[in-house]
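To keep things clear, I will list the structure first and then write my remarks on it.
The values are calculated or read from the model by the stated rules, or taken from the named source; none is laboratory data. What you are looking at is a predicted structure, and each value in this text was computed from that prediction instead of being measured. Note that each Cβ is placed from the backbone with ideal geometry, even for glycine, and that neighbours are counted across all protein chains shown. With ligands, DNA and RNA removed, areas are computed over all heavy atoms of the protein, side chains included. Shrake-Rupley method; radii C 1.70, N 1.55, O 1.52, S 1.80 Å.
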Amino acid sequence: MYFPEYRLRRLRRTENLRRMVRETRLSVDDLIYPLFVVPGSGVKEPIASMPGQYHFSVDKLVEEAAAARDLGLPAVLLFGLPETKDEFGSSGSEPDGIVQRAVKALKSSLEDIVVITDVCLCEYTSHGHCGVLENGRVDNDLTLEHLARQALSHVEAGADMVAPSDMMDGRVAEIRDVLDEEGHTHVPIMSYAAKFASSFYGPFREAAQSTPSFGDRRDYQMDPANVLEALREVTLDIEEGADIVMVKPALPFLDVIAKVREKFDYPLAAYNVSGEYAMIKAAAEKGWLDERRAVLEVLTGIKRAGADLIITYFAPQAARWLKE
Ligand code: PBG
């Protein structure tokens, strides 16, 4: 049947009608809240490049995570800014490192929130690259043991899940092996499987103080032009033992999310990254778009593309809006 007998506008006339035929439902259950933890106490310092986001000391982080839990958010993802950095990113795997202290504090005061840790060397290396250098390049195989050591130290501190974001080949298998050998067979890995070398990480690098001191990350993160390769990345990470796979960033890669969804029956996460956050914040500040509508439209779009989970700095705001 065609127009004029059939009219699509019939089911758009009222909010209740629209509600009845809505195909995608965003839920607080889908959202993961990324947080930055810094040394000190009583610190809640605004991050200039990400309005509404903060550097939290461990005590303030616990308060923020408790508030997130009270909004119904199921999980947080932790990034640490350490006291010291060296060539090998050693401070990332110290038992009393910044993330390890944060995990312990969160797990001892809020058992019911899932604590995920980002596993990568870039926040802990003096050169800001995601791995160990050999002749001026990031050496894949030398990096693996450092990543596995960091992941293990997070889990020993009590992390519920680890999320390697470095893009070294073979790191999921290495982390899985070490966790299993040490008796942590129940701890899942969420791998940043298809992570692209994106300009949209700009605000994060300011927040995490992890800008590479030379060169860029195109030698290990993916070329934004590639989707077939993204599927190969996902295949390998699943074969190596990833429990959840991720596509990152989200908005410029919705087609990648859709293809991964179509091809794999594994839980799929998408990272709505710092640049995607900052764009909306900046435009909303100028009064150029309605923040609430823009955020819910973006998050719904990411879910419609096929993501089960969305890592987003908008998580608490969205949780509040979804409750109303
Ligand atoms: C660390 C890491 C990055 C992000 C998450 N983990 C930065 C990068 O790869 O340079 C980016 C997150 C964001 O932009 O919100 N490797």
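Odds and ends about this structure:
- Just so you know, in segment 270-324 the residues that are in contact (Cβ under 8 Å) with a residue 60 or more places away in the chain and polar (S, T, N, Q) include one that is nearest to the ligand (Cβ to nearest atom), and it is Ser274.
- Val114 within 27 Å of Arg69 (Cβ to Cβ) and in contact with a helix residue (DSSP H, G or I) (Cβ under 7 Å, 6 or more places away or on another chain): no
- Some residue of segment 139-157 being surrounded by fewer than 19 Cβ atoms within 10 Å (Cβ to Cβ), among the small types (Gly, Ala, Ser) and in contact with a strand residue (DSSP E or B) (Cβ under 8 Å, 6 or more places away or on another chain): no
- Among residues of segment 26-58 being of a type in the set (Asp, Glu) and touching a residue at least 40 places away in the same chain (Cβ under 8 Å), the one that is surrounded by the most Cβ atoms within 10 Å (Cβ to Cβ) is Asp30.
- Within segment 201-236, considering residues that are of a type in the set (Phe, Trp, Tyr) and touching a His at 6+ places or on another chain (Cβ under 9 Å), the one most open to solvent (accessible area, probe 1.4 Å): Phe214
- Residue match in segment 8-25 (condition: of a type outside the set (Asp, Glu), open to solvent by less than 100 Å² (accessible area, probe 1.4 Å) and in contact (Cβ under 8 Å) with a residue 12 or more places away in the chain): yes
- Looking only at residues in segment 158-200 that are among the aromatic types (Phe, Trp, Tyr) and open to solvent by less than 10 Å² (accessible area, probe 1.4 Å), the one that is farthest from the ligand (Cβ to nearest atom) is Phe196.
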